[in-house]
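See below for the structure under consideration.
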Amino acid sequence: MTMKAIAYKKHGGREHLKMMDWPEPKIKRGHVKIQVHSIGLNPLDYRMRRGEMGPLTLFGPCMTGSDFSGTIIEVGQGVQNFSVGDEIMGKRMWGTAAERLVVAANKVTRIPSNLDLATAATIPLVALTAYQMVHEQAKVQTGQHVIVNGASGGVGTYAAQLAKHAGATVTAVTSYRNMDWMSELGADHTIDYTKDNCCTGEATYDAFLDCRSNLSLNKVKGVLRPKGVYVTLEPLPSLVKDPFVNLLSSKKSRVVLLQNKQNQLLEIKRLIEAGVLKTFVHAQLPAKEIGQAFEILESKRTRGKLSVKILDELG
Ligand SMILES: NC(=O)c1ccc[n+]([C@@H]2O[C@H](COP(=O)([O-])OP(=O)(O)OC[C@H]3O[C@@H](n4cnc5c(N)ncnc54)[C@H](OP(=O)(O)O)[C@@H]3O)[C@@H](O)[C@H]2O)c1
């Protein structure tokens, strides 16, 4: 049996994204099968498509997408906490843009009760990344001053809100295009990077969360306090250089290598339901416009997230 999926046979541009027949996934122990409603797009998706992710992009054809929301249509043996009809969200390697997916029940959560499926699809990957940035790498504490570079993007919107919720004073770095809504993230200060350099100036920070990941410890250390932490999302060259750099400096460089942790996704859901975290959706598009959605994402101008509807769109 087959279903429809959006995938590519060759790495490269958006023109390689095609609707394809794809093997229908079979239910497994500890898993649930869902009817996909929407997927959220991430830079990881276009970097995979372009073949920029090293060994991860050796094989094909590849289904696009890494975030999803949908409704459970079958429950595997051993799954106790989910039932048919539950609306869930999650992230997954190896593609989400298909009519149906089989996903591990211990990696997903129900969607926040105050959001719809289209919005929920945009949450998992970026919110988990921001959570691990703020709580595992920077270990942000009450009273600290945190700067978030790229605060208007997918990861940045959650990183700023989570740092604020942890009790920090937050400086958001974005362009003039987004200065007007940074207060919605709880930002106390804003820097327009097209006018001012966030790596120089009078203010100093306990943590520098580089969600845009175009800087380095070396570039920001003049504004980091003693024992301050710089956190990037770009593994290379950080993973190679950081052990040496960190030996020689009281200021540390850390990198997030995202892990799919259900307990953190549950906490994110709780914070959204409590009104602590807001989800910012730049646009919702139908599957037939996925090329256009990627064009927006690849321009690096997205405000928050992009959601693509899959349900009833792949026929
Ligand atoms: N290591 C990991 O596990 C991991 C996990 C998730 C993401 N990532 C990586 O993290 C990066 C960010 O992901 P994302 O989803 O947040 O991206 P995104 O949503 O595409 O980011 C778009 C935002 O970046 C801002 N921006 C563009 N150029 C900027 C600059 N020079 N300085 C400051 N802000 C700038 C834009 O604001 P303006 O329009 O105002 O410029 C826009 O709002 C990507 O490279 C992604 O691959 C890594």
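The values are calculated or read from the model by the stated rules, or taken from the named source; none is laboratory data. It should be emphasised that the depicted structure is a prediction, and the values quoted were computed from it without experimental measurement. When we count neighbours, we look across all protein chains shown, and the Cβ atoms used for this are built from the backbone with ideal geometry, even at glycine. SASA here: full protein model, heavy atoms, side chains in, ligands and nucleic acids out. Shrake-Rupley method; radii C 1.70, N 1.55, O 1.52, S 1.80 Å.
Miscellaneous remarks
- Yes/no for T200 being touching an Asp or Glu at 6+ places or on another chain (Cβ under 9 Å) and in the same structural domain as K139 (by TED's automatic domain parsing): no
- Scanning segment 26-49 for residues that are under 10 Å from T64 (Cα atoms), of a type in the set (A, V, I, L, M, F, W, C) and touching a helix residue (DSSP H, G or I) at 6+ places or on another chain (Cβ under 6 Å) yields L41, M48.
- Residue in segment 122-135 that is open to solvent by 10 Å² or more (accessible area, probe 1.4 Å), out of contact with any Lys or Arg (no Cβ under 7 Å at 6 or more places or on another chain) and part of a loop (DSSP other than H, G, I, E, B) present: no
- Taken across segment 23-34, residues that are more than 18 Å from P286 (Cα to Cα), surrounded by 14 or more Cβ atoms within 10 Å (Cβ to Cβ) and within 16 Å of the ligand (Cβ to nearest atom) do not occur at all.
- Qualifying residue in segment 38-55 (condition: buried (at least 23 other Cβ atoms within 10 Å of the Cβ), more than 16 Å from the ligand (Cβ to nearest atom) and not basic (K, R)): yes
- Answer from G154, G143 - the residue that is at pLDDT 95 or above, within 11 Å of the ligand (Cβ to nearest atom) and either of a type in the set (G, A, S) or out of contact with any helix residue (DSSP H, G or I) (no Cβ under 8 Å at 6 or more places or on another chain) (or both): G154
- Taking (1) assigned by TED's automatic domain parsing to the domain that holds H16; (2) within 16 Å of A121 (Cα to Cα); (3) in contact (Cβ under 8 Å) with a residue 40 or more places away in the chain; (4) within 16 Å of the ligand (Cβ to nearest atom) in turn, A287 satisfies each apart from (4).
- Restricted to segment 249-284, and to residues there that are among the β-branched types (V, I, T) and away from the ligand (no atom under 16 Å from the Cβ), the residue that is farthest from the chain's Cα centre (by Cα) is V276.
- The set of residues from segment 290-310 being hydroxyl-bearing (S, T, Y) and away from the ligand (no atom under 12 Å from the Cβ) comprises just one member, S307.
- Of all the listed residues (L215, L233), the sole one being in contact with a helix residue (DSSP H, G or I) (Cβ under 8 Å, 6 or more places away or on another chain), of a type in the set (A, V, I, L, M, F, W, C) and either without any contact (Cβ under 8 Å) to a residue 40 or more places away in the chain or within 15 Å of the ligand (Cβ to nearest atom) (or both) is L233.
- Segment 165-177: number of residues that are near the ligand (Cβ under 8 Å from one of its atoms) and open to solvent by 10 Å² or more (accessible area, probe 1.4 Å): 2
- Only residues that are more than 25 Å from R212 (Cα to Cα) and either among the aliphatic types (A, V, I, L, M) or in the same structural domain as A105 (by TED's automatic domain parsing) (or both) were counted in segment 258-284, giving 2.
- Those strands (runs of 3 or more DSSP E) of segment 210-303 in which at least 1 residues are more than 26 Å from H145 (Cβ to Cβ) and not hydroxyl-bearing (S, T, Y), considering only elements entirely within it, cover 281-286.
- Yes/no for A187 being more than 12 Å from the ligand (Cβ to nearest atom), open to solvent by less than 30 Å² (accessible area, probe 1.4 Å), in a loop (DSSP other than H, G, I, E, B) and closer than 28 Å to L44 by Cα: yes
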